[in-house]
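Chemist: Sending over a structure as structure tokens; questions will come in a sec.
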Amino acid sequence: MLKMMLSIVLILICTLQQGFAQAKPKEKPPTQKEMEEMMREAQKMMDDLSDEDKKMMDSLGIKMPNFKNIPKVSDKQLAEALEKEGRIVPEKDNARIARIPKAIGAGQMAGYIQSTNNKTFVVLDSKQKANASRFIDILKKKFLVTTFG
């Protein structure tokens, strides 16, 4: 009895492992002809809807699609769209990465703070400048920082 149970469990494990090991076949993108056929079917289904169904869909806020002004798409564009849709991580965009500001190092911090203060003081009115100067003086006294302007 024990041997029989053991053999059944082993067969079951082997069967399950075989099922997990198989890779899924890659989905083939539809061709232009297939897309046109799907559009015709969708248009036919829309035409078959009763007026009552159309009114109900409209009352629910569902817009009825217009199949007459659909742009032509090539097979290559369809394949690219299907590939992009399946991507989890977008492609690397070096232009956007280059626009990210660089980090300020410890040696550059004093100059950065000084230039920021100078640019800010130009925009402030006299009362705000006085308050800012007092605040900077307090910071200098409290933290013994000489890098503030």
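Chemist: Counting just the residues of the range 23-52 that are surrounded by fewer than 11 Cβ atoms within 10 Å (Cβ to Cβ) and of a type in the set (Asp, Glu), which one comes out nearest to Leu82 (Cα to Cα)?
Modeler: In this case the residue turns out to be Glu27.
Chemist: Hey, another quick one. Can you confirm whether Gly86 is on the phi < 0 side of the Ramachandran plot and over 26 Å from the mean Cα position of the chain (by Cα)?
Modeler: no
Chemist: Among the residues of the range 82-93, is there at least one that is of a type in the set (D, E, K, R) and surrounded by 10 or more Cβ atoms within 10 Å (Cβ to Cβ)?
Modeler: Scanning the range 82-93 turns up at least one residue that is of a type in the set (D, E, K, R) and surrounded by 10 or more Cβ atoms within 10 Å (Cβ to Cβ).
Laboratory data are not the source of any read-out in this text; all were calculated from the coordinates shown. Model, not experiment: these values are computed from the prediction. With ideal geometry, Cβ positions are generated from the backbone for all residues, glycine too; neighbour counts draw on all protein chains shown.
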